[in-house]
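The values are calculated or read from the model by the stated rules, or taken from the named source; none is laboratory data. This structure is a prediction, so every number in the text was calculated from the model and none was measured. Methodologically, a virtual Cβ is constructed for each residue, glycine included, from the backbone with ideal geometry; neighbour enumeration extends over all protein chains shown. Just the protein is used for accessible areas: all its heavy atoms, side chains included, with ligands, DNA and RNA removed. Shrake-Rupley method; radii C 1.70, N 1.55, O 1.52, S 1.80 Å.
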Amino acid sequence: MTTDPGRRLTPIVRTAPAKLNLTLAVLGRRDDGYHDLHSVMAPLALADRLSVAIAAGDTDSRHVVGLSPGPVVDDLVIRAFRGTREVVRRTWPGAPAAPPPLAARLEKLIPVAAGLGGGSSDAAAAIDAALEAWGADLGEGERRGLALTLGSDVPFFLADGIALVEGRGERVTALPGVAGGPLGVLLVTPAVRVSTPEIFGSYDAGVRPDDDGAATRAASMHVAEELGRGMSAAALLARAGILATANDLIVPAESVAPGLTAFRRGLSRVIRRPVGQSGSGPTLWALYSSEHEAAAAADVVREAVSSGLLVAPGEGDPFIAATTLVAGGRKR
Ligand code: C5P
């Protein structure tokens with residue numbers, strides 16, 4: 001544990017990037033009710049910002065500002081602090097009975113429950129920040145085990161950069177960075193609530209691609225192999241059409257939120273690009289050769305929405321943003 005009091009007064013700041021599922025193949029349902037996946041995931045420059053300091057009071061707290069200052073359904077930052085404290089107490093030699101409470105300030109820029117992994121990324125950042133605040137460390141296995149108790153996507157965020165994610169989400173294989181770029185990404189998140197368990201449930205009930213996901217599996221494996229050998233940003237961009245359909249959760253998401261089908265088609269017509277879905281949605285994405293191009297596309301989409309040419313489902317305006325794929329390492 002740290003004995004440097006000055007260090008405790010300085011907030012620890014972590015960026016918590018969003019993720020994009022470039023592919024998402026569902027391989028099958030497991031005995032524990034989760035599903036085995038094969039997914040190429042990449043961090044985005046779009047990120048939340050988490051500041052953590054030792055708290056004056058006697059409980060952990062977190063204050064949310066930014067895009068979604070309302071109640072966050074599942075408070076993963078607090079759960080991450082508690083989980084980390086427990087593992088530190090059990091495994092870190094010399095840890096006090098209770099590593100001190102932490103106060104977090106979370107600046108939310110990633111839409112919540114959008115398929116972009118915002119909550120999971122916040123949790124991974126919170127584990128990391130708590131360890132630094134307490135001057136503690138954990139072994140790789142403990143860190144990964146703790147991450148998985150917080151959510152299937154959390155282990156991905158402990159690693160840096162683009163990766164192949166398998167199993168429930170616990171097997172994370174780093175892939176070489178994409179040369180060139182960075183590629184621009186347009187994100188469009190309609191204001192519809194989709195529940196991930198409901199979408200997996202719909203998948204289990206047989207709402208899935210006509211070929212039972214054979215094309216998704218083949219595409220996901222092929223792209224992971226290509227990325228493993230080293231791929232340029234231009235080559236990845238050339239795969240955009242294949243990537244956009246390589247998500248087994250598109251069909252069940254569109255059955256749970258029917259307005260998504262027409263919106264995805266309409267969006268694709270407006271931007272004249274293939275449109276993919278991240279995770280279980282509802283975020284839709286398109287790839288561009290630069291952030292500048294993605295920003296121009298974001299303007300086109302905003303205009304189409306405000307003129308009524310493109311009607312977004314849900315209550316309220318969609319979130320529309322341009323960002324980049326962080327396909328190398330990520331900055332802290
Ligand atoms: O792990 P996490 O809490 O993020 O998962 C949310 C829900 O998504 C789970 O309750 C489960 O229904 C589904 N899920 C799944 N298989 C995975 C990941 C998530 O069935 N690999």
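Candidates in segment 289-304 are the residues that are farther than 16 Å from residue 190 by Cβ and among the charged types (D, E, K, R); of these, the one that is most open to solvent (accessible area, probe 1.4 Å) is 303.
Out of 107, 132, one residue alone is farther than 27 Å from residue 187 by Cα and outside the structural domain of residue 320 (by TED's automatic domain parsing). It is 132.
Candidates in segment 305-332 are the residues that are surrounded by fewer than 16 Cβ atoms within 10 Å (Cβ to Cβ) and of a type in the set (Lys, Arg); of these, the one that is farthest from the ligand (Cβ to nearest atom) is 331.
Listed by position, the helices (runs of 4 or more DSSP H) contained in segment 214-269 that have at least 2 residues being hydrophobic (A, V, I, L, M, F, W, C) and within 18 Å of residue 162 (Cα to Cα) are 214-229, 233-238, 240-245. Are any of the residues in segment 3-13 at pLDDT below 95, over 30 Å from residue 212 (Cα atoms), of a type in the set (Ser, Thr, Tyr) and open to solvent by 30 Å² or more (accessible area, probe 1.4 Å)? Yes, because at least one residue in segment 3-13 is at pLDDT below 95, over 30 Å from residue 212 (Cα atoms), of a type in the set (Ser, Thr, Tyr) and open to solvent by 30 Å² or more (accessible area, probe 1.4 Å).
Residues are listed down the side, and each one gets a yes or a no for (1) in the same structural domain as residue 223 (by TED's automatic domain parsing); (2) within 16 Å of the ligand (Cβ to nearest atom); (3) at pLDDT 90 or above; (4) small (Gly, Ala, Ser):
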position: 41; (1), (2), (3), (4): no, yes, yes, no
position: 45; (1), (2), (3), (4): no, no, yes, yes
position: 49; (1), (2), (3), (4): no, no, yes, no
position: 62; (1), (2), (3), (4): no, no, yes, no
position: 67; (1), (2), (3), (4): no, no, no, no
position: 75; (1), (2), (3), (4): no, yes, no, no
position: 78; (1), (2), (3), (4): no, yes, yes, no
position: 94; (1), (2), (3), (4): no, no, no, yes
position: 100; (1), (2), (3), (4): no, no, yes, no
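Checked against the criterion of being part of a strand (DSSP E or B), away from the ligand (no atom under 16 Å from the Cβ) and open to solvent by less than 50 Å² (accessible area, probe 1.4 Å), segment 29-36 contains not a single residue that satisfies it. If you go through segment 237-263 and keep only what is open to solvent by 40 Å² or more (accessible area, probe 1.4 Å) and touching a strand residue (DSSP E or B) at 6+ places or on another chain (Cβ under 6 Å), you end up with just 237. What about residue 205, is it free of Cβ contacts under 8 Å to residues at least 24 places away in the same chain and within 16 Å of the ligand (Cβ to nearest atom)? In short, yes.
Annotation: of all residues in segment 169-192 being open to solvent by 20 Å² or more (accessible area, probe 1.4 Å) and in contact with a Pro (Cβ under 9 Å, 6 or more places away or on another chain), the one that is farthest from the ligand (Cβ to nearest atom) is 191. Among the numbered conditions (1) more than 29 Å from residue 164 (Cα to Cα); (2) in a helix (DSSP H, G or I); (3) hydrophobic (A, V, I, L, M, F, W, C), the only one that residue 127 does not meet is (1). Within segment 50-65, at least one residue is out of contact with any Gly (no Cβ under 6 Å at 6 or more places or on another chain) and open to solvent by less than 10 Å² (accessible area, probe 1.4 Å).
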